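A.B. asks: Just dropping this structure here.
The values are calculated or read from the model by the stated rules, or taken from the named source; none is laboratory data. In this text, all values refer to a predicted model and were calculated from it rather than measured experimentally. Here the Cβ positions follow ideal geometry from the backbone for every residue, glycine too, while neighbour counts run over all protein chains shown. Calculation scope for accessible area: heavy atoms of the full protein, side chains included, ligands and nucleic acids excluded. Shrake-Rupley method; radii C 1.70, N 1.55, O 1.52, S 1.80 Å.
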Amino acid sequence: MNTEMAYLLGMILGNGEIQRDNAETRVTIDIPHKNLYTDDMKDVRVYVKASTVDIRSIVEPLIGHSLTVTQDKRSTVMTFVKPNDEYITREILRFIGGGKHHSTMRMNPDLFSITTDEKKTLLRGIADVTGYIRKSNIAYGQDGAHRVYIEIPGNWYMVIDIANMLKAVDVPVQTIDFGHPNFRDGELKKYNQGKPYFWKKEHQVKIFANEFLPIGFNIKHKQEALEKYSEELLEFIDPAKTHKFYWEKPIKRKMRPSHPHESDEYLPIEIRGKHFDSWTDLARLLGYGE
């Protein structure tokens, strides 16, 4: 393991896909353009394209050849192909738990034993492909409370893996917005409007901007926004207040009505049929806690 491998693994775990035949493995990494323009109206595609120069310098020496990079309005896609029997191919598959799509991948437990710098770099790889910081990410009703969002579509266990990897490098999660009926439709408003599956959304791991600085981004516009919004946050909030894990703070529970889909088969068996009034209870049950 080295930081280059950790970064590549992070990108694959965050938004990668694996395709294999009898001889070769194709790895595809998607960097979505969440918005076409940044908060200060700069073209996201231009920034991402410029950032691929740095990404190439990290990944290409590791894989031994050039990445194929394509771009459209929606995203930038990076691809490479390696023989199945090469060591790096076998290691990639081992470290991502054998999953073929980021929605089914897991962090191999060995990743929690790599160095602190490698863990931070792995998290940076994840953040580059599925992390976002925008002015709209501010915590409701809190001046300056800017946050990074890491979005995880469908993969409940990756949410917990990422939260635990953040914990391993002493970065607290401010909150997790789980794609669960008790949180995404806690008052049954959408259900009563005839939208019973509205709650089936991506999970969002939210971290205060200043707490994310030790990890950062290689995508230039994201890093610039992180630095800007971290400065703004520290004008309003004492960093001692942002550096707290949920078990170090009073837990607020909002009493919610039962949702008819609390037993939906989409939900992991560990939480299926259970009702939650706080995200912390769900996170603890799945494995993120003190």
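A.B. asks: Name the single residue, out of those in the stretch 145-155 being open to solvent by 10 Å² or more (accessible area, probe 1.4 Å) and more than 10 Å from the chain's Cα centre (by Cα), that is modelled with the lowest pLDDT.
C.D. replies: So, considering only residues that are open to solvent by 10 Å² or more (accessible area, probe 1.4 Å) and more than 10 Å from the chain's Cα centre (by Cα), the one modelled with the lowest pLDDT is 154.
A.B. asks: Give the stretch 231-249 a look and list any residue that's among the aliphatic types (A, V, I, L, M) and either at positive phi or assigned to a helix (DSSP H, G or I) (or both), or say none.
C.D. replies: 233, 234, 240
A.B. asks: To continue, here is another question. I'm trying to understand the selection: among the residues of the stretch 128-163, which are farther than 29 Å from residue 106 by Cα, among the hydrophobic types (A, V, I, L, M, F, W, C) and not in a loop (DSSP other than H, G, I, E, B)?
C.D. replies: Once the filter is applied, which keeps residues that are farther than 29 Å from residue 106 by Cα, among the hydrophobic types (A, V, I, L, M, F, W, C) and not in a loop (DSSP other than H, G, I, E, B), the stretch 128-163 yields nothing.
A.B. asks: Sort out which residues of the stretch 156-180 are open to solvent by less than 10 Å² (accessible area, probe 1.4 Å) and touching a Ser or Thr at 6+ places or on another chain (Cβ under 9 Å), and write them in order of number.
C.D. replies: Answer for the stretch 156-180, where residues must be open to solvent by less than 10 Å² (accessible area, probe 1.4 Å) and touching a Ser or Thr at 6+ places or on another chain (Cβ under 9 Å): 158, 172, 176.
A.B. asks: Now, a different point. Could we say that residue 114 is of a type in the set (A, V, I, L, M) and touching a strand residue (DSSP E or B) at 6+ places or on another chain (Cβ under 7 Å) here?
C.D. replies: No: the conditions fail for residue 114.
A.B. asks: Are any residues in the stretch 201-216 open to solvent by 10 Å² or more (accessible area, probe 1.4 Å) and in contact (Cβ under 8 Å) with a residue 24 or more places away in the chain, and if so, which ones?
C.D. replies: 202, 204, 206, 208, 210, 211, 214
A.B. asks: Might you let me know whether the stretch 250-266 holds any residue that is out of contact with any His (no Cβ under 9 Å at 6 or more places or on another chain), assigned to a helix (DSSP H, G or I) and open to solvent by 30 Å² or more (accessible area, probe 1.4 Å)?
C.D. replies: Checked the stretch 250-266: no residue is out of contact with any His (no Cβ under 9 Å at 6 or more places or on another chain), assigned to a helix (DSSP H, G or I) and open to solvent by 30 Å² or more (accessible area, probe 1.4 Å).
A.B. asks: Can you find even one residue in the stretch 75-96 that is among the small types (Gly, Ala, Ser), touching a residue at least 60 places away in the same chain (Cβ under 8 Å) and not in a helix (DSSP H, G or I)?
C.D. replies: No - not one qualifying residue is present in the stretch 75-96.
A.B. asks: Just the residues that are closer than 18 Å to residue 202 by Cβ and either modelled with pLDDT of 95 or more or in contact with a helix residue (DSSP H, G or I) (Cβ under 8 Å, 6 or more places away or on another chain) (or both), please, taken from the stretch 90-102.
C.D. replies: 102
A.B. asks: Ok, one more. State yes or no: is residue 23 open to solvent by 10 Å² or more (accessible area, probe 1.4 Å) and at pLDDT 90 or above?
C.D. replies: Answer is yes for this residue.
A.B. asks: Now for a separate question. When you look at residue 228, is it open to solvent by 10 Å² or more (accessible area, probe 1.4 Å) and in contact with a Ser or Thr (Cβ under 6 Å, 6 or more places away or on another chain), yes or no?
C.D. replies: no
A.B. asks: Return the total of residues in the stretch 97-114 being more than 15 Å from residue 160 (Cβ to Cβ), open to solvent by 30 Å² or more (accessible area, probe 1.4 Å) and either in contact (Cβ under 8 Å) with a residue 24 or more places away in the chain or assigned to a helix (DSSP H, G or I) (or both).
C.D. replies: 4
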